[in-house]
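Q: Dropping the structure in here first, questions after.
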Amino acid sequence: MAIVDLLAPIFLLIALGAAIQRGGLMDTATIAGINRVIYWVGLPAAIFHSLVTAENSDARLGALVGVLIGGTLGAVGLAWGLARGMGIRVAAQGTFVQAAYRGNLSFVGLPLLLTVPGIPRAPAVLALAPMLIVYNALAVGVLMLSQHAAGWRMLRPIIVGIARNPIIIASAVGALWHELAWPLWPAIERTVGALGKMTLPLALLTIGAALMTVPIKGKRLQAGAAALFKSVVSPAIGYGLGRWMGLNAGEMLTVMLLMACPSAAISYTMVKQLGGDEGLAASTIVFSTLMAVPALALVLAWFAV
């Protein structure tokens with residue numbers, strides 16, 4: 001029941017968002033508008049508030065980030081080998097790889113980090129910023145490599161995306177505020193906190209609504225393999241690296257939750273922009289979201305409860 005209590009609100013809100021969209025209360029334009037508000041205002045507020053109000057922790061940020069980055073790189077290598085072994089056409093291999101490693105850290109990972117007991121809040125939230133940088137850089141890289149379009153021009157969209165990413169900016173400002181122990185005017189603190197509390201359930205609602213607009217098409221066996229890789233192999237890699245690095249219980253829980261997050265919806269947008277396999281990307285997002293329920297439940301049963 002403890003596991004159900006932790007996971008049920010997240011996936012019930014996703015299901016409610018899907019029902020709302022099916023009922024006609026959220027069309028594509030509404031979902032896009034809400035997502036922009038969440039991305040540019042809500043999520044940065046939630047991250048900033050969680051950092052400036054977090055208690056100090058003995059968790060090691062460097063070790064945590066090292067395991068997450070190492071696990072991601074390992075997942076990329078294995079997923080690329082799997083894509084070639086399955087005979088996936090070259091132009092779609094980057095799509096398969098991105099779907100297999102790139103988790104939804106902002107819309108699923110962050111709510112988990114802020115609600116699951118035993119998580120070292122400040123280090124866990126701070127780990128999101130470098131992971132988002134790595135995710136974006138790798139996504140552009142693997143998608144363009146599979147299109148045989150690698151080159152120096154790949155760097156510009158990566159750098160621009162990092163410099164403008166509001167989550168990375170909020171993480172940097174919040175970390176500095178936390179480190180210097182600056183006071184925060186109570187009215188501002190309550191305002192930012194209210195934005196953060198509003199954002200997390202709203203983000204989950206829009207995930208559910210967006211899933212209903214994503215077309216399931218293409219080779220479903222390949223999409224299922226990518227989703228299974230994301231839900232099982234990716235966290236297994238993180239587990240092995242975490243044990244090897246000697247992470248403590250809270251750090252291991254953080255790694256496993258983030259590595260088990262379902263494929264990020266933004267991967268579908270990047271695939272459309274960079275000429276990948278849209279059907280494979282869309283189907284994997286849906287399948288991995290469904291597989292994330294038992295995967296995250298197992299993580300919580302093993303590490304948190």
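The values are calculated or read from the model by the stated rules, or taken from the named source; none is laboratory data. Not measured: the values here are computed from a predicted model. Positions of Cβ are backbone-derived with ideal geometry, glycine not excepted, and every protein chain shown enters the neighbour counts. In case anyone asks, the SASA skips ligands and DNA or RNA and just uses the protein heavy atoms, side chains included. Shrake-Rupley method; radii C 1.70, N 1.55, O 1.52, S 1.80 Å.
Yes/no matrix, rows are residues, columns are (1) basic (Lys, Arg); (2) at pLDDT below 75; (3) part of a helix (DSSP H, G or I); (4) under 21 Å from the mean Cα position of the chain (by Cα):
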{"residue": "129", "(1), (2), (3), (4)": "no, no, yes, yes"}
{"residue": "133", "(1), (2), (3), (4)": "no, no, yes, yes"}
{"residue": "142", "(1), (2), (3), (4)": "no, no, yes, yes"}
{"residue": "148", "(1), (2), (3), (4)": "no, yes, no, no"}
{"residue": "154", "(1), (2), (3), (4)": "no, yes, yes, no"}
{"residue": "161", "(1), (2), (3), (4)": "no, yes, yes, yes"}
{"residue": "174", "(1), (2), (3), (4)": "no, no, yes, yes"}
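Q: Turning to a different aspect of this structure: Looking at 111, 120, can you tell me which residue is buried (at least 24 other Cβ atoms within 10 Å of the Cβ) and over 13 Å from residue 68 (Cα atoms)? Step through it out loud before you land on a result.
A: On the way: 111 fails: buried (at least 24 other Cβ atoms within 10 Å of the Cβ).
One residue alone meets the criteria, 120.
Q: Could you tell me which residue of region 23-37 is least open to solvent (accessible area, probe 1.4 Å), considering only residues that are assigned to a loop (DSSP other than H, G, I, E, B) and of a type outside the set (Gly, Ala, Ser)?
A: Checking each candidate, the answer is 26.
Q: Checking the conditions here, which among 180, 204 is at negative phi, of a type outside the set (Asp, Glu), exposed (fewer than 14 other Cβ atoms within 10 Å of the Cβ) and at pLDDT below 85?
A: 180
Q: Looking only at region 269-297, filter to residues that are of a type in the set (Val, Ile, Thr) and open to solvent by 30 Å² or more (accessible area, probe 1.4 Å); which one of those is farthest from residue 96 (Cα to Cα)?
A: Kept after step one, since they are of a type in the set (Val, Ile, Thr), are these residues of region 269-297: 269, 271, 284-286, 289, 293.
Among the residues that remain, those that are also open to solvent by 30 Å² or more (accessible area, probe 1.4 Å) are: 269, 293.
On the way: 269: 14, 293: 21 Å.
Among those that are of a type in the set (Val, Ile, Thr) and open to solvent by 30 Å² or more (accessible area, probe 1.4 Å), it is 293.
Q: So, one more: In region 1-17, what count of residues is obtained for those that are open to solvent by less than 20 Å² (accessible area, probe 1.4 Å) and either touching a Gly at 6+ places or on another chain (Cβ under 8 Å) or acidic (Asp, Glu) (or both)?
A: Qualifying residue count, region 1-17: 2.
Q: Any residue at all in region 38-59 that is in contact with a Ser or Thr (Cβ under 7 Å, 6 or more places away or on another chain), buried (at least 18 other Cβ atoms within 10 Å of the Cβ) and among the polar types (S, T, N, Q)?
A: Within region 38-59 (the criterion being in contact with a Ser or Thr (Cβ under 7 Å, 6 or more places away or on another chain), buried (at least 18 other Cβ atoms within 10 Å of the Cβ) and among the polar types (S, T, N, Q)), the answer is no, since none of the residues qualifies.
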